[in-house]
Structures are given as C-alpha cells and as structure tokens.
Amino acid sequence: MKILTGLSRDKLLKLLAIIVLSDGTISKKGRYLCSIKLETLPSNECQHDLFYELCKKIYRKKPNRLYYKNNGKRMLCSRLFGKKYILELFRMSPTYQTTPGPKFSNIEFLRLKQPSLSFLFNDSKKLKIIALRIWFDFDGSIVPLFKLKEKKDNKNGKEYRYFQVQFECEIHISETNPNLAKELVTFCSKIGLKANLVKSKRKWSNIEGIRISNLESIKRFIDLGGPITDVRISSKSKRFKGITKLVVCQAVKEILNSKRPLSFYFKTREDAISKRLDLSKSLISEIKRFS
C-alpha cells in the first residue's frame, strides 16, 4: 500500500498496534500468548490486506487467512502466530485487552494496567494522521443527515416559534475503554480536530466512544484522507449499507465545499418535515452517485 511507503519499521509497528487496539486481539492458548488476530466480516477483506501488508513489512512473515462460520455467520480471520512478534507489540501498549471480559468485574479490570496509545503522542503529525485514519477505518462511522429542530425567539415580549432543517454530520469512533477514549480525544486535538466523549449507560464503562461534530473538523478529517481502505458500511446503517466509508466522506466533502444553503427555516412543522424528507432523499442520491 502506497501510504506505508517510506515508513520505518518502528512506525509500521505502531500502526499495527493501532489495528490491534481498535479491532484486533492478542489471542492466548491458556496462559500463553498465541497470535495477533484480526476477525471481521468477509466484506471487509481490504482491512485484512492492510493487516497482511503490515505483518509482511514488519516481521517478513505472512499471516494466515481463513474463512469460517460462527453460529451460521461467515467470518474472515487473519492470524500471525509467534510469541516473539506479540512481545514487540507490548513495547507500544502495556496491554491490548480493552474490556473486562468474563474474568474481571468492571472495577477489577479498571484497577489493572490499561491499554494506551500514548506511544504515538510524541511521534510525527504524519503518523498521527495515518493512525487516526486507521482507527476510523476499523472502528469508526460517518453519519451525515438533515436534522429538524424546533426553535423559539422572544421579540418585544412575544414568543415566536419556528422550525429549522439543518445539515449536520458526525464522525463516531467506538471505544468503550475509558483510558483509550480519553486519549483519543487528546489525540484528535493534537492534529487539530475537535472531539468529545460520548456517554452511554448501555456500555460497561458508561462510555460509547468519541464524536466529532464540528463541521470544520469533519472537513479537515476528510481532507486528511478519511479511511485508509475501501471498507464498506455494515448492515447497522439502513441508509448506507454496502457503500464504502470513503464514498460517504467524498459526498460530505462535496456538500461542505458547495455554496448551497445548509439551513432552512419554516413556520410550520409540516413544511419542515416535507423539506427534510426531500433533502434526505437528495443526500442519499448524492452519496450513491459517488459509489
């Protein structure tokens, strides 16, 4: 892959660590370290190609790739076996376990050493950008939409009610580990992106991940390249299932660079709903035009 050209072995190792922290695992057999593992749906084979290239460049060894079924669901798994390869990754982060799993309670787990991406904090801006793009590729989503809001103004002691339909976009990176989530917010600020923590009581840590919603930061992230691979959006998104993240990023960039209005105002909710529906249809059509 062109993006990996010219990077030192140490920098490539840091990028592999990002894959393992975001969506990979260090597998064990009993108490013993076994393999560096990436497991996804088969449609995300391009992510395994990135994993393959990193392993080949760093260790001069090709990971195994296997298709299998798990509870009737077809999966794709890449694994690089070898304790010596795994031990190098532990020079980056003290652990790659990001959730308590069945062995620990939440409190017990958080008392242990936590995963960290601080190994990148003092590295070059170029590598920071590639690392964030990889994290977004493996564990991120981009959600453009037209949102309807009810507004109220007070003029001369009288309240005026109206409705606004406005283009908004959010980039989410899923990360429930408190230490990693907080470090991701700091990491974004280091490359000029405004991000904040997203809380959720449904998650074990009460943290869902991070969110970038500032449109200038959205545009900047897309200008930096967006996702690394041609990974496709999963069935979790009814609107964009099967479309690549890169295509959605390109469409959002086109909207933000255009001179078209991004906000519309209406006296009635009915008119606002109708406009929002039309704009949403146009948005989906525009995104599909890029695919």
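Kindly indicate whether any position in the range 282-289 is modelled with pLDDT of 95 or more and crowded, with 17+ Cβ neighbours inside 10 Å. Checked against the condition, which is being modelled with pLDDT of 95 or more and crowded, with 17+ Cβ neighbours inside 10 Å, the range 282-289 yields no hits at all. Among the residues making up the range 165-182, those that are part of a strand (DSSP E or B) and open to solvent by less than 10 Å² (accessible area, probe 1.4 Å) are 165, 167, 169, 171, 173. Cβ separations smaller than 7 Å between residues 6+ apart or across chains give the following pairs from the range 243-254 residues that are over 11 Å from residue 230 (Cα atoms) and in contact (Cβ under 8 Å) with a residue 12 or more places away in the chain to residues that are open to solvent by 50 Å² or more (accessible area, probe 1.4 Å) and outside any loop (DSSP other than H, G, I, E, B): 250/290; 251/290; 253/219. Based on what the data block shows, is residue 171 of a type in the set (Val, Ile, Thr) and within 30 Å of residue 284 (Cβ to Cβ)? Here the answer is yes, as residue 171 does meet what is asked. Looking across the range 1-53, the residues that are more than 21 Å from residue 132 (Cβ to Cβ) and free of Cβ contacts under 8 Å to residues at least 12 places away in the same chain come down to 28, 29, 30, 31. Annotation note: of 155, 203, 126, 190, the sole residue that is of a type outside the set (A, V, I, L, M, F, W, C), over 19 Å from the mean Cα position of the chain (by Cα) and open to solvent by 10 Å² or more (accessible area, probe 1.4 Å) is 155. Return only the number of the condition from (1) modelled with pLDDT under 95; (2) under 18 Å from the mean Cα position of the chain (by Cα) that residue 48 does not satisfy. Unmet for residue 48, out of (1) modelled with pLDDT under 95; (2) under 18 Å from the mean Cα position of the chain (by Cα): (1). For the range 246-265, filtering for residues that are open to solvent by 20 Å² or more (accessible area, probe 1.4 Å) and closer than 27 Å to residue 50 by Cα leaves 3. Filtering 234, 217, 213, 274 for residues that are over 20 Å from the mean Cα position of the chain (by Cα) and of a type in the set (Ser, Thr, Tyr) leaves a single hit, 274. Residues in the range 129-149 that are open to solvent by 20 Å² or more (accessible area, probe 1.4 Å) and either in a helix (DSSP H, G or I) or charged (D, E, K, R) (or both): 129, 133, 139, 147, 149. Cβ-Cβ distances below 8 Å connect the following pairs, each with a first residue in the range 54-80 that is farther than 14 Å from residue 19 by Cβ, a second residue that is crowded, with 18+ Cβ neighbours inside 10 Å and of a type in the set (Val, Ile, Thr), and a separation of six or more residues or different chains: 75/40; 76/40.
Total residues in the range 185-213 satisfying the condition of being of a type in the set (S, T, N, Q) and within 19 Å of residue 245 (Cβ to Cβ): the figure is 1.
The values are calculated or read from the model by the stated rules, or taken from the named source; none is laboratory data. Being a predicted model, the structure only gives us computed values, none of them experimental. Note: ideal-geometry Cβ built from the backbone for every residue, glycine included; neighbour counts use all protein chains shown. Note: areas computed on protein heavy atoms with side chains; ligands, DNA, RNA excluded. Shrake-Rupley method; radii C 1.70, N 1.55, O 1.52, S 1.80 Å.
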